């Protein structure tokens, strides 16, 4: 039986006390009405705000569950401490990987895991990112399997997305359930855009003006996350630029405006490393800005996240995170790692091959729930396919036990029932400090028994409440 | 503001205006073509509609004959015509979508709504009545888009750029119409005031929604030089060249004020308006209506490229 975050009867957990009483008196009719209202709100935001038409907006509508997920502020404080520690370690690790490489010399991480990593950018070697910050925006995926521990499932250190859902979910919940918000003191999240802007401004190059120009670089309106890009640019009050809006002259980045070229100091880029600069990376990229890397290396512009952070969100590197945290912070990790077998190691591979039916196997560089085997839910064929792949390319895989993710009450077709959830808090690292809004994006597997919460695989989202109890 | 944003706002408006003009041209052509031959109803009207739309070359690459069916299809729905009404609305929406946060919800609703409604119209299976309704709908789209811009947008550069696009396009359309039709306005000696001409003139007025306006302004029967005056120099007529340029000057000045800098497009628009101020329709006829139109087309294109260079790239 999975750990249910609400609990029942005498096991009812404190943070859920109010919500549980409310659920008891809530009729299915009322919940149904609210759910369709929520859907209407999202469709309306989708159509009027974001740019999508009929067919597209139905695609965009990731299922939203109207029952919030609740964390006690005491739980949050632990989590927050762990997140700050983890992200500080990630930044220290990246600074070291592209700098002195003490972690390799000290034998914390094997050198080939760094140098042969497809996300390791030699262009970044011996170059320190402005203010020593690499991962300005991190999405740390957290799961629970018991009331006492938080486990990190993945560190998303490249261009994590989903924060617009966190903000919109809250917005819609406040509109739908004003009474719930007056009974429960829910910690606000709507200052996220302010925090993000403050973090981005804090990492402007030292020579930038006191009022640095920050822009958001998007691959354009055909990108699946374009909605989020335009949403954030709007909330931050910064320009949403495409590669063609920027140009580089004498190693300085400018944007083309109606009043002539305007110097750009900080780029919150939602374009992958590969496409950033056709002169430095993929020459066929039309999304990037020729000469951007040159301007970056001269210290004339800050890129957030820095180039080459992918080396820290590799799943093989993940398995070394407890040692990495300890090495750079001198502390024991607050957040646990899920035990991980690195298939690159012979003994581990043998173990994994023997237990394929029980384990989750993941591609080292995969994301979005693709390229993944969930042993207990897989067919014989799928297992055999993975067995062949593992033998062929063991370095490319890791395996983890199938975690019994915690569940939360969720409004399903057959009424309120427990469904598995995870949590993605967004951690912002500025030159001055680390900022986190309480909560994050809760993703929920809408199908009974399913452990896959990715939206690309039918997962939904919930509002996440941090309550003083 | 990003130049690309301004560029999208500018073209969004141009395409909405262009769609409306196409609808007017078709409306007038349909009426004229329905008249008996002795009243000016000729097959040629469809050819002339294609010319006015500036689609001569692409049209004849696909069709041999200009008739009601082919012209209707080409100007309204054709996938092959990059400037069909369908494409005008699609391109306007694409531009609006690219700058979603620079326009208001009302404007986005108007343009996106038009784009969604467009799917309901099936050009292949449209009888005359449905076609008339379709043209009404197109004209209504531009009314709603224009009205929502007017009522909801902040009065600053975003708004000025939508206005500039609208009036450049409007002047361009008027000039093309005059270019194709100038011969019916010429005081030819042969059969002045014949029935044929009368219907040509009134159809010309109708294609710019100015038939009633004409009577209000001149309180006279339709005369070619007054028609020419109404469409070029009249200050009350919202589609006259004069009105378009008055607005272009005004909105370019607003931009210059906001940016604190006057540039070549401000000078150019003012010079053109001053020229219109200092002439009258008699003088235009004396030195040649056709020459006047030709020169104006060049000037209007030059202003569009100057705006482009000054702000949009």
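Quickly work out the residue B:127-to-residue A:128 label distance, labels modelled 7 Å from Cα along the C-beta direction, and quote it in nm with one decimal.
8.1
What number does region A:357-469 give for Rg over Rh if you use C-alpha atoms and the Kirkwood radius?
1.05
Which value in nm describes the separation of the simple spin-label points at residue B:119 and residue B:137, placed 7 Å from the Cα toward the beta carbon?
If labels sit at residue B:119 and residue B:137, their model points lie 1.3 nm apart.
What whole-number distance in Å separates the alpha-carbon centres of region B:128-165 and region A:174-240?
Spelled out, the Cα-based centre of one part sits 32 Å from the other.
At a Förster distance of 56 Å, what's the computed FRET efficiency of residue A:346 paired with residue A:417, Cβ-Cβ distance as r, to 0.05?
0.80
Between region A:243-322 and region A:1-26, how many Å separate their Cα centres?
47
As a footprinting exposure proxy, order A:76, B:225 by other Cβ within 10 Å, with the fewest listed first.
Ordered from fewest to most neighbouring Cβ atoms within 10 Å, A:76, B:225 come out as B:225, A:76.
Per-residue ellipticity at 222 nm for chain B, helices alone: DSSP H runs ≥ 4 residues times -39500 (n - 2.57), over residue total, nearest 500 deg cm²/dmol?
-23500 deg cm²/dmol
Nearest 5 is fine: what % of DSSP beta bridges in the protein assembly as shown come out antiparallel, could you say?
Restricted to the protein assembly as shown, the bridges split so that about 70 percent are antiparallel.
Helix-only estimate, please: 222 nm mean residue ellipticity of chain A, summing -39500 (n - 2.57) across DSSP H runs of length 4 or more and dividing by its residues, to the nearest 500.
Value at 222 nm, helices only, nearest 500: -9500 deg cm²/dmol.
Region B:197-259 to region B:10-83: how many Å between their Cα centroids?
21
Quick check: pseudo-label points 7 Å beyond the Cα along Cα→Cβ at residue B:80 and residue A:171, how many nm apart are they?
So the label points at residue B:80 and residue A:171 sit 4.5 nm apart.
So how do B:305, B:244, A:20 line up by other beta-carbon neighbours within 10 Å, fewest first?
By the 10 Å Cβ count, ascending: B:305, A:20, B:244.
Want the number for residue A:433 to residue A:115: 0.36 nm per residue separation, take away the alpha-carbon distance, what's left?
111.5 nm is the gain from fully extending residue A:433 to residue A:115.
Given R₀ = 30 Å, what would the calculated FRET efficiency be for residue A:8 paired with residue A:181, taking r from the Cβ atoms and rounding to 0.05?
Efficiency at R0 = 30 Å is approximately 0.75.
Give the calculated FRET efficiency between residue B:62 and residue A:251 to the nearest 0.05, with a Förster radius of 51 Å applied to their Cβ-Cβ distance.
After rounding, the FRET efficiency stands at 0.50.
Could you line up B:287, B:3 from fewest to most neighbouring Cβ atoms inside 10 Å?
B:287, B:3
Taking 0.36 nm per residue of sequence separation and subtracting the Cα-Cα distance, how much length would be gained by fully extending the chain between residue A:198 and residue A:355, in nm to one decimal?
Separation in residues times 0.36 nm, less the Cα-Cα distance, equals 51.7 nm.
Whole-Å semi-axes of the protein assembly as shown's equivalent ellipsoid, largest first, each the root of 5 times a Cα gyration tensor eigenvalue?
Each semi-axis is √(5λ); the values are 61, 30, 24 Å.
Classify chain A as rounded, prolate or oblate from the Cα gyration tensor: take a ≥ b ≥ c as the square roots of its eigenvalues, call it rounded if a/c is under 1.5, otherwise prolate when a/b beats b/c and oblate if not.
oblate
On a full-extension model of 0.36 nm per residue, what is the gain between residue A:395 and residue A:336, subtracting their alpha-carbon distance, rounded to one decimal in nm?
18.9 nm
Each reported figure results from applying straightforward, stated rules to the coordinates on display, with no laboratory input. Source: prediction; values computed, not measured. Note that we place each Cβ from the backbone using ideal geometry, even for glycine, and neighbour counts take in every protein chain shown.
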